[in-house]
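The values are calculated or read from the model by the stated rules, or taken from the named source; none is laboratory data. These numbers come from a predicted model, not from an experiment. Glycine also receives a Cβ, built like all others from the backbone with ideal geometry; neighbour counts cover every protein chain displayed. Just the protein is used for accessible areas: all its heavy atoms, side chains included, with ligands, DNA and RNA removed. Shrake-Rupley method; radii C 1.70, N 1.55, O 1.52, S 1.80 Å.
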Amino acid sequence: MTALVADEAMAQRLLGWLVPDGYRLVALSAAEVERFCWYELLRKWHADTAEQRRAVAVLAGLLAGVGRVRAAAVCTSGTTAQVLAAWQRSEEAGFAAYRKAVAASPTTPPDVPELSWGQVMGLREALARAHLEGRLEQALDEGELDPDARTFPAARRRLVQHWLTTAQSVFEGRAPLEAVRRERRELWAAAPPAERRSLLAAVLPALEEPTAAPVDTAEPLRWLLEQIGDGVNLTQADYLPRELVAAAFARYPHWYPIGKGPRSEADLFQLAGLHELARTHRLVTKRLRTLKLSAAGRAQLTDHQLRQHTAALAWLGTTAADRQVAECALGALWAEPRFREDLRDAIHPLLAAGFTHGDGTAMEVKDTERLLWRFWHTGRELGYLDERDRSIDVPISLSATGRPAALAVLRLLAEAPRDHI
């Protein structure tokens, strides 16, 4: 009798936690049960190991009693036992086991090319994910998806892509993907401080307009890929061949405005930068001294959108500080040309407030200048910035291809998944 009373008490506690406000247990999704068994029970309940085990056993009985076979099976699965044991070993092991279990669950919506899920979600993104979890569970229950089939990962991705891009009543007849992207842009635009919002203000209306078809941006990158083609022979110093350097100088004479012309890639920093970009993004492969296009490079040669995306990533840089500089500089340049010194002075307070060196010391003006130089340097390589010469007294402006490229870069930032609040 004591055990029955204890189980009844546990059942009431579970119902109060999982289905408050009178919601029905039958409406609880398998994904919600997974989150409870693999995370909430361990992190948010004050319960010892024995009580945790009793909780999942009682929950399994409750779910089975209302016909929720798949959700009940979560409670009694070997995965749940493994996750519970991992949490007992350490918090680090528990989190790792939880993440692994979620990733392996057939009801977890995978990342797709259109959308990568954030670790931190806004209300609309969380709503979209919850509905997708329910849709995947329905597809599994009805036999539309078979988790044991070899084709399951691809079929699940197709289902997710279709749902995200199809108008849904829960989003007032809009596609969930559109709603999630808009929410991300809103959260990105509203992020402090006020000085950042001021720099970005001019470009925000353009970001809210429908995405235009990609234009043929990054023309110098396309040209280089065309020149490399099926293969060129590198010099002993691993530089591009002299005839390619001469062709680059003939096409882009402003790259080397002094003297008789560059003798090697080392003299033409824009070409060297593009060569490095192609290698970094694996657009080329090298065997012995032969450099040729990779499969990715051949694809980008004919696909404006892919090449624009690669160029945007290159312009953003690789660090959070690089991205802060690019974000603020592009917002400022969208409104009007700026002198590099003005850009530096506008960006530095934001950079200094948000970043420090590894040893804890503050970012200095020279650090901002260095990061701004990288942004400027890459923008010139890609043909995105107009500047008559390298003088610091000449204002920088976005070129004809630089404006759509700037939108692509800022949209990439604004619509990216969030990994922190």
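Within the set Gln52, Gln12, the sole residue that is over 26 Å from Ala128 (Cβ atoms) and free of Cβ contacts under 8 Å to residues at least 12 places away in the same chain turns out to be Gln12. So is Pro110 open to solvent by less than 30 Å² (accessible area, probe 1.4 Å) and under 17 Å from the mean Cα position of the chain (by Cα) or not? For Pro110, the condition - open to solvent by less than 30 Å² (accessible area, probe 1.4 Å) and under 17 Å from the mean Cα position of the chain (by Cα) - is met.
For Gly94, the test of being out of contact with any strand residue (DSSP E or B) (no Cβ under 8 Å at 6 or more places or on another chain) and open to solvent by less than 30 Å² (accessible area, probe 1.4 Å) is passed. When segment 340-374 is filtered for residues that are assigned to a helix (DSSP H, G or I) and β-branched (Val, Ile, Thr), the ones remaining, listed by number, are Ile347, Val365, Thr368. For segment 89-101, the criterion of being under 26 Å from Gly118 (Cβ atoms) and among the basic types (Lys, Arg) is met by at least one residue.
Only a single item in (1) among the hydroxyl-bearing types (Ser, Thr, Tyr); (2) touching a residue at least 40 places away in the same chain (Cβ under 8 Å); (3) open to solvent by 70 Å² or more (accessible area, probe 1.4 Å) is not met by Thr290, and it is number (3). The set of residues from segment 74-89 being of a type outside the set (D, E, K, R), in a helix (DSSP H, G or I) and either touching a Gly at 6+ places or on another chain (Cβ under 9 Å) or free of Cβ contacts under 8 Å to residues at least 24 places away in the same chain (or both) comprises Cys75, Thr76, Gly78, Ala81, Gln82, Val83, Leu84, Ala85, Ala86, Trp87, Gln88.
Here is the figure for segment 11-48: residues that are outside any helix (DSSP H, G or I) and over 17 Å from Thr107 (Cα atoms) total 8.
Conditions (1) open to solvent by 70 Å² or more (accessible area, probe 1.4 Å); (2) touching a helix residue (DSSP H, G or I) at 6+ places or on another chain (Cβ under 8 Å), marked per residue:
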position	(1), (2)
Thr310	no, yes
Thr319	no, no
Arg323	yes, yes
Glu327	no, yes
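When segment 113-159 is filtered for residues that are surrounded by 12 or more Cβ atoms within 10 Å (Cβ to Cβ), aliphatic (A, V, I, L, M) and within 21 Å of Val33 (Cα to Cα), the ones remaining, listed by number, are Val120, Met121, Ala126, Leu127, Ala128, Ala130, Leu132, Leu136, Ala139, Leu140, Leu145.
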